[in-house]
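Colleague: What follows is a single structure, and I will ask about it in a moment.
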Amino acid sequence: MDVFYEHSYRVDSRDMDLFGHCRPSAVLGLLQEAATQAAGELGLSGPQVRDRYNAFWMLARIRYELKRPLRWDELVTIKTWHRGGKAAVMYREFDISVGEEPVGQAVSAWVLAGLDSHKILHLDGVGEIGDTSGGSLCRGEVLRKLRLPQELGMAGERRLGYSDTDINGHVNNTRYADFLCDALELETLAKGRFVSRLQLCYLAECMAGETIRLLTGQDEEGFCVRGEGLDGSDRFDGILTLDKLSRGD
């Protein structure tokens with residue numbers, strides 16, 4: 001049996017950018033909320049895995065694609081399912097639609113980390129996963145490490161603070177999309193275009209009070225951003241693609 005979770009979310013004014021499109025970080029927010037609700041339905045919400053396994057979920061990689069931008073007041077339906085828990089990584093996939101119109105899809109890779117040790121746990125012993133995968137819905141895409149250009153230019157530094165953090169005390173997954181967009185100066189770069197694809201690899205945790213460097217470049221895949229600590233440690237890599245708007249967008 002194919003097991004999935006489906007819910008609709010209203011895009012509101014807080015999600016909008018200066019072009020009237022749903023910001024990439026807000027798109028990630030919709031996906032994250034759907035994933036959180038789906039995990040709760042399986043008995044694997046954040047509080048549940050903390051209490052039962054002394055662990056917490058960490059998003060390792062995510063990628064989404066959109067055929068067009070999401071707009072203010074649209075009711076976006078997200079259908080999501082996982083592929084089962086093998087080894088240490090659990091993949092979750094998403095379909096994104098507005099009414100009867102399919103507008104995009106996404107895939108994410110999650111790991112379960114020990115609350116005290118932060119070591120990655122194997123999922124074999126997580127009984128709640130069981131026979132609850134998406135079955136025939138699963139597409140099987142694998143998210144590999146991003147290969148950014150060797151030559152990246154310095155785009156500046158960013159201090160991380162209270163407003164960047166989440167319930168686990170580190171920078172919220174969605175905020176990294178804002179870091180990408182700001183580093184690339186999307187307010188200029190995206191005129192007449194929209195973010196049709198975004199992929200993020202989370203390499204190490206970022207915490208409030210830290211300052212990170214942002215480096216940018218471009219290759220055949222799109223516009224690239226790397227975040228690194230002041231000590232040179234890699235924190236995240238990201239790539240986004242811009243497509244031209246069609247009439248009406």
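Colleague: Per 10 Å bin from zero, what fraction in whole % of the C-alpha pairs of the stretch 123-249 is there, up to the bin with the longest pair?
Modeller: With a bin width of 10 Å, the distribution comes to 11, 36, 29, 19, 5, 0.
Colleague: Hydropathy first: keep DSSP H helices in the chain averaging at least 0.5 on Kyte-Doolittle, then drop any whose Cα extent along the axis falls short of 18 Å, and list what survives.
Modeller: What comes out of the filter, once short or polar helices are dropped, is none.
Colleague: Let's see if you can work this out: charge +1 on each Lys and Arg Cβ, -1 on each Asp and Glu Cβ, no other charges. What is the dipole magnitude of the stretch 143-233 about its Cα centre, in debye to the nearest 20?
Modeller: Computed charge dipole of the stretch 143-233: roughly 260 debye.
Colleague: Tally up the carbon and sulfur contribution to the accessible surface of the chain as a whole percent, 1.4 Å probe, everything protein left in place. Mind dumping the intermediate values first?
Modeller: Values: 5860 of 12390 Å².
Using a 1.4 Å probe with all protein chains present, the chain comes out at 47 percent carbon and sulfur.
Colleague: Given R₀ = 22 Å, what would the calculated FRET efficiency be for Asp2 paired with His122, taking r from the Cβ atoms and rounding to 0.05? Intermediate values should be presented prior to the final figure.
Modeller: Numbers: r = 25 Å, r/R0 = 1.13.
Efficiency computed from Cβ-Cβ geometry: 0.30.
Colleague: Are there any trypsin sites (Lys or Arg not before Pro) in the stretch 155-194 that are in a DSSP loop and have at most 13 other Cβ atoms within 10 Å? List them by number.
Modeller: Lys191
Colleague: So, one more: Send over a whole-number figure in Å² for the accessible area per residue of the chain, probe 1.4 Å.
Modeller: Heavy-atom accessible area per residue stands at 50 Å².
Colleague: Gain in length, Thr211 to Leu42, computed as 0.36 nm per residue apart minus the alpha-carbon separation, to one decimal in nm?
Modeller: The Thr211-Leu42 span can extend by a further 57.1 nm.
Colleague: Test of understanding: extend the Cα→C-beta vector of Glu221 to 7 Å, then name every residue of the stretch 161-205 with backbone N under 14 Å from that spot.
Modeller: 197-203
Colleague: Right, next: How long, wide and thick is the stretch 162-202, going by the Cα atoms along their three principal axes, in whole angstroms, largest first?
Modeller: 37, 19, 12
Colleague: Cα to Cα, under 25 Å, and not fewer than 8 places away if on the same chain: which lysines meet these conditions relative to Lys244?
Modeller: Lys67, Lys191
Colleague: Further, regarding this structure: What does the convex hull of the Cα atoms of the stretch 1-113 come to per residue, in Å³, rounded to a whole number?
Modeller: About 109 Å³ per residue, rounded to a whole number.
Colleague: Another question about this same structure. Please work out how much length the chain gains when fully extended from Leu75 to Lys191, using 0.36 nm per residue of separation minus the C-alpha to C-alpha distance, in nm with one decimal.
Modeller: 39.3 nm
Colleague: Expressed in nm², what is the orientationally averaged projection area of the convex hull enclosing the Cα positions of the chain?
Modeller: 13.6
Colleague: If the only charges are +1 at each Lys and Arg Cβ and -1 at each Asp and Glu Cβ, what is the size of the charge dipole of the stretch 195-244 around the Cα centre, to the nearest 20 debye?
Modeller: Values: 5 positive and 10 negative charges, 39 e Å.
For this selection, approximately 180 debye.
Colleague: Right, another one. Are there any GluC sites (Glu not before Pro) in the stretch 46-119 that are in a DSSP loop and have at most 14 other Cβ atoms within 10 Å? List them by number.
Modeller: Values: sites: Glu65, Glu74, Glu93, Glu100; in loops: Glu74, Glu100.
Within the stretch 46-119, the qualifying GluC sites (Glu not before Pro) (loop, at most 14 other Cβ atoms within 10 Å) are Glu100.
Colleague: What lysines sit close enough to Lys86 to cross-link, taking a C-alpha to C-alpha distance under 21 Å and skipping anything fewer than 8 places away on the same chain?
Modeller: Leaving aside lysines fewer than 8 places away in the same chain, those within reach of Lys86 are Lys119, Lys145.
Colleague: Just want the answer: with Cβ charges of +1 for Lys and Arg and -1 for Asp and Glu, which residue in Val11, Leu215, Gly127 is farthest toward the dipole's positive end in the chain?
Modeller: Leu215
Colleague: With +1 on each Lys and Arg Cβ and -1 on each Asp and Glu Cβ, how big is the dipole of the stretch 1-126 about its Cα centre, in debye rounded to the nearest 20?
Modeller: Computed about the Cα centre, the dipole is about 440 debye.
Colleague: Show that you can apply the helix-only estimate: for the chain, add -39,500 (n - 2.57) for every DSSP H stretch of four or more residues, divide by all residues, and state [θ] at 222 nm to the nearest 500.
Modeller: That comes out to -4500 deg cm²/dmol.
The values are calculated or read from the model by the stated rules, or taken from the named source; none is laboratory data. Keep in mind that this is a model prediction, so the values were computed, not measured. Neighbour counts are summed over all protein chains in view; Cβ atoms, including those assigned to glycine, are modelled from backbone coordinates with ideal geometry. Calculation scope for accessible area: heavy atoms of the full protein, side chains included, ligands and nucleic acids excluded. Shrake-Rupley method; radii C 1.70, N 1.55, O 1.52, S 1.80 Å.
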